[in-house]
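Here's the structure, in C-alpha cells; my notes come after.
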Amino acid sequence: MQINDVTTLDRDGAIAIVTIDSPPVNALSATVRTGVAEAMAKAYADDTVAAIVLMCAGRTFFAGADITELGKPPIQPDLRALQRIVEDAPKPVIAAMHGTALGGGLELALVAHRRIAVPSAKCGLPEVKLGLMPGAGGTQRLPRVVGAERALEMMTSGEPIGADEAERIGLFDRLAAEGALREDAVAFARAVAAAGEPLEKVRDRPLTAEPGLFDAFRATHARRFRGLTAPENIIRSVEQAIPLSFEEGLTNERDLFRELLDGPQSAALRHVFFAERQAARVDALPKGIATLPVNRVGVIGAGTMGGGIAMNFANVGLPVTIVETRQEALDRGLGIIRRNYENSAKKGKLTADQVEQRMACLTGSLALDDLDDCDLVIEAVFEQMDVKQDLFRRLDAVAKPGAILATNTSYLDVDAIAAVTGRPESVLGLHFFSPANVMRLLEIVNADKTDPAVLATAVALARTIGKVGVVVGNCFGFVGNRMLAARHAQAEAVVNEGAMPWDVDRVIAGFGFAMGPFAMRDLVGLDVGWKREASTGATVREVLNEMGRHGQKTGGGYYDYDEKRTATPSPVAERAVFDFSAEQGIERRAVSDDEIRDRCLLAMVNEGAKILDEGIAQRASDIDTVWINGYGWPPYRGGPMFWADQVGLPVVLEKLNALAAAHGDVFVPSPLIERLVGSGKGFADA
Ligand code: 3HC
C-alpha cells in the first residue's frame with residue numbers, strides 16, 4: 001500500500017514492512033517523517049500485524065535529518081515526535097539497516113525495539129562534522145547502549161563504525177545476510193513477536209559513567225577539540241544527564257543542540273558540506289555531457305609530486321606509466337611510493353596484497369614514447385615555463401589522438417603551455433596539492449581552449465580518485481596560490497613594519513589554521529619556489545635563504561628546530577628582521593594582533609572577490625572549498641568568503657577602505673564588494 005510519495009506499507013504474513021524510498025540518501029525530510037508516522041499508525045491499528053520492520057529502499061537507510069531543513073521552523077511531526085510514535089509502539093518495531101545509518105537515521109533506529117543490519121552497513125552520529133550534536137536523543141540513548149566513553153568517542157569524532165563492530169558492542173542486535181535484509185529482518189521480527197516479551201526501550205536502561213571520565217576525555221582530546229564548540233556540548237549533554245531523568249536529559253540535549261544550531265560554527269560547517277558537493281557542478285558544461293574513457297594514466301616526473309599523483313590512480317586500480325629522465329630518480333620515486341604503501345599497511349590501512357596490487361599498477365619508464373597508450377598524461381616537472389613548454393611539444397608528438405594532456409603547474413599560464421601543442425583543446429591544468437596522495441583538493445584549470453568533454457572528464461576523475469575537484473580559470477596562481485600570495489605579502493609586510501614572524505603565526509593559528517605562514521614556510525622550505533612569489537623586492541625570506549636557513553630541513557629558518565623538530569623563535573631570524581627593517585628605512589612600530597589578522601585575511605578576501613569578479617572561480621563557495629581542502633582554512637569558519645559574509649560585507653568594506661588609506665592599493669576594495677554592499681547582498685548571493 002502506498003502511504004505517500006516516498007512510503008509504502010506492505011506485508012509478509014503477520015509482519016508489516018514500512019519502506020521509505022526518498023533518493024538520494026533517504027534524509028528524514030518532512031515528507032519522509034509524515035510517511036513513517038502514517039504507516040506506523042496503520043500498522044498499529046491493524047490487529048493482524050504482529051511486528052513492524054522499518055527499512056529503506058535505494059542506497060541507504062536514513063542518512064540523517066534533512067540538513068536543508070535545519071534552522072528552519074520545524075514541520076510536524078518533527079523527528080522527536082516521530083521517535084515517540086515508534087518508541088511507544090504497541091508492538092515491536094525492528095529497524096533494518098543497509099548503507100549508512102547516520103545522525104537522525106541512527107537515532108531513529110535507537111528508538112526501535114530491535115536493530116538488524118547487513119554486514120556492509122555503517123552507522124554513526126556525524127553531527128559534530130556539521131558543528132552540531134545529536135539532537136534526537138542520540139546523546140542520551142547511545143551511551144545507554146554502548147557505554148558513555150564509547151559513545152563520546154563516536155559522537156565527538158563523528159566517524160561511522162562498521163556493522164560487525166556495531167554488533168559486537170551491542171548497538172545492533174544481529175546481522176542479516178548481505179543482500180537478504182528484508183527476508184532476515186522479517187524472520188527476526190517474527191521471532192521477536194513470537195517470544196512475546198515486553199518491548200525493550202533503550203531509554204529504560206541506566207546511564208552511568210566512571211568517575212572522572214568526562215574531564216579525562218576532555219583532556220585527552222583537547223588538541224582535536226581546539227577551537228570547536230560542538231564537542232564540549234556533546235560531552236556536557238552526557239555528563240549533565242547522569243543525575244537526571246531520561247526526559248530531563250532529553251530537554252537538556254535539545255537546549256545544547258539549539259545553541260549549536262544557532263551558532264556561527266554550524267552555519268559554517270553546513271555551508272562547507274554543501275559547498276564541496278556544489279563544486280562538482282560546472283555551469284559551463286552542457287548537461288549530461290559524455291566523459292572520455294580513461295583507462296591508462298601517464299605521469300611525468302617521479303619526484304614527490306609525481307609519485308603522489310601516481311598513487312591516486314593506483315589506489316583505484318588504474319594503471320599508470322611513470323616517466324623519469326634517469327633510472328636512479330625513477331627507482332627512488334618508485335621506492336618512496338612502495339614505502340608509503342608499506343607504512344599504510346603497518347598502520348593496518350592496507351593489506352600486504354593490496355600493497356602489491358597497487359604497486360603492480362605502476363610501470364616505470366625512461367622513455368616519453370611509452371606514454372603513447374595513455375588516455376591522460378599529467379606532467380609534474382620543474383616549475384618553469386620553457387621546461388614545461390618543451391615537454392608539451394614532445395608530448396604532443398607522442399600522445400595518442402584525443403589523449404588529455406594535463407599540467408600540474410601551480411602558477412604558470414596554462415594557455416601558454418597549451419599553445420605549443422597542436423591540440424590545445426586537449427590541454428588543461430590539474431593542480432594537485434602536496435602530499436598529492438593525501439590532500440583532498442584538486443584545482444582543475446579550465447584553459448581558454450579546453451574542450452568541455454575534457455573538462456567533464458577531469459571533474460569525474462577527481463571524484464573517482466576521492467578528490468574534491470574545483471574548476472578554476474587560468475590566471476597567475478589560480479584561486480589558491482593567488483590568494484596565498486596576497487596573504488604572504490601582508491604577513492611579510494607586517495613583519496617588516498614591527499611584528500615578529502611568531503606573532504603572525506600565533507594570530508593565524510589562533511584563528512584556527514593548523515599553523516601560521518612562517519611556520520608553514522619553514523616546513524615547506526624557504527627556498528622552494530621563492531622566485532615566483534608575488535611579493536616584490538627583497539624580503540627577510542631571501543636574507544634567511546642566503547644564510548642557508550632554508551627551514552626545518554636545515555635545522556632553522558624563521559624558527560630554530562631541535563632533533564624532534566620542536567620550534568623556538570630564532571634569535572638569528574629576529575636579528576635579520578630588525579636589520580631588514582633598518583635597511584629599508586622602516587621605523588618599526590607596535591602592530592596589534594587585530595591588525596595582523598585583518599591585513600592577512602582581508603587581503604585574501606579582497607583577492608578572492610577579484611577572482612570571483614573575473615570569473616576565475618564560478619562561485620564564492622568554490623573559493624571556500626579550495627581554502628578548506630588545500631590550505632588549512634579552519635572548516636568551522638566556512639572558508640574566506642563565507643567568513644567575510646559572517647563578519648558582514650559592510651564591515652569588510654569599511655576596513656578595506658581604512659587599510660587602503662594606510663597600506664596601499666592591494667586593499668582598494670574589489671568593485672564586486674562595493675556592488676554587493678550597495679545592494680545589501682553578500683558573497684553567497686554573488
Ligand atoms: N540532508 C540533506 N541532503 C543530504 C544529506 C542530508 N542529511 N546527506 C546527503 N545529502 C545530499 C547531498 O547534499 C547530495 O546532494 P546533491 O547530489 O544534490 O549534491 C546527495 O545527498 C548525495 O550526497 P553525497 O554526494 O555526499 O553522497 P555520498 O554517497 O558520497 O555520501 C553520505 C552519502 C555518507 C550519506 C553523505 O552524504 C553524508 O555524510 N551525509 C551527511 C550525513 C549527516 O551528516 N547526517 C547527520 C545530519 S544532522 C542530524 O541528523 C541531526 C539530528 O541529530 C537531529
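If you take every residue apart from ILE300 with its C-beta less than 9 Å away from the C-beta of ILE300, what net charge results, scoring Lys and Arg +1 and Asp and Glu -1? Mind showing how you got there, number by number?
Values: positive: none; negative: GLU324, GLU379.
Net of charged neighbours comes to -2.
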* Structure fact -> Relative contact order as a percentage, the chain, C-alpha pairs under 8 Å and 6+ apart, gives 9 percent
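With charges set only on the Cβ (+1 for Lys and Arg, -1 for Asp and Glu), what does the dipole of region 538-686 come to about its Cα centre, in debye to the nearest 20? Intermediate results must be reported in sequence, preceding the final value.
Numbers: 16 positive and 23 negative charges, 53 e Å.
Computed about the Cα centre, the dipole is about 260 debye.
Could you give the size of the charge dipole of region 403-509 about its Cα centre, using +1 on the Cβ of each K and R and -1 on the Cβ of each D and E, expressed in debye and rounded to the nearest 20? If you can, show how the numbers build up before the last one.
Numbers: 8 positive and 10 negative charges, 82 e Å.
Around 400 debye, computed over region 403-509.
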* To do: If a/c stays under 1.5 just call it rounded; otherwise compare a/b with b/c (prolate if a/b is bigger, oblate if not). Do that for the chain, with a ≥ b ≥ c from the square roots of the Cα gyration tensor eigenvalues.
  => prolate
* When the Cα centres of region 258-305 and region 135-214 are compared, how far apart do they sit, in Å? -> 33 Å
* Asked: Considering only region 46-191, what is the antiparallel percent among its DSSP beta bridges, to the nearest 5?
  -> 15 percent
* Return the calculated 222 nm mean residue ellipticity for the chain, to the nearest 500 deg cm²/dmol, obtained by summing -39500 (n - 2.57) across DSSP H runs with n ≥ 4 and dividing by the residue count. => -14000 deg cm²/dmol
* Asked: Going toward the positive end of the dipole of the chain, with +1 on Lys and Arg Cβ and -1 on Asp and Glu Cβ, which of SER410, ILE465, SER570 do you reach last?
  -> ILE465
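Quick one: compute the contact order of region 350-492, relative version, from alpha carbon pairs under 8 angstrom and 6+ residues apart, as a percent. Let's see the in-between values first.
Working: 203 pairs, mean separation 25.7, N = 143.
Normalised by residue count, the contact order of region 350-492 is 18 percent.
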* Structure fact -> With a Förster distance of 22 angstrom and the Cβ-Cβ distance between ASP665 and GLU587, calculated FRET efficiency to the nearest 0.05 equals 0.50
* Asked: Using the alpha-carbon centroid of each, what span in Å lies between region 547-593 and region 428-501?
  -> 28 Å
* To do: List the residues whose amide H sits under 5 Å from the amide H of HIS550, counting only those 5 or more places along or on another chain, with H placed 1.01 Å from N in the peptide plane.
  => GLY556
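How would you order 540-546, 383-389, 103-109 from highest to lowest mean count of nearby Cβ atoms within 10 Å?
On the way: 540-546: 19.3, 383-389: 15.3, 103-109: 28.4.
Listed from highest to lowest mean packing, they are 103-109, 540-546, 383-389.
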* Lys/Arg Cβ at +1, Asp/Glu Cβ at -1, dipole of the chain taken about the Cα centre: which of VAL381, LEU526, TYR44 is farthest positive-ward? -> TYR44
* Structure fact -> Among SER266, MET311, LEU334, the residue whose Cα sits farthest towards the positive end of the charge dipole of region 217-335 (+1 at Cβ of Lys and Arg, -1 at Cβ of Asp and Glu, taken about the Cα centre) is LEU334
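Can you compute the charge dipole magnitude of the chain about its Cα centre, using +1 on each Lys and Arg Cβ and -1 on each Asp and Glu Cβ, nothing else charged? Give it in debye, rounded to the nearest 20. Present the calculation step by step, with values, prior to reporting the outcome.
Details: 73 positive and 91 negative charges, 163 e Å.
Dipole about the Cα centre, nearest 20: 780 debye.
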* **Subset of LYS129/LYS610; LYS122/LYS347; LYS287/LYS449; LYS349/LYS467; LYS129/LYS467 violating a 23 Å alpha-carbon distance limit** => LYS129/LYS610
* Asked: So, in Å, what gap is there between the alpha-carbon centers of region 506-527 and region 600-657?
  -> 19 Å
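The numbers here are math on the coordinates, done by the rules we state, and not lab data. From a predicted model like this one, the values you see are computed outputs, not experimental measurements. Backbone-built Cβ (ideal geometry, glycine too); neighbour counts: all protein chains shown.
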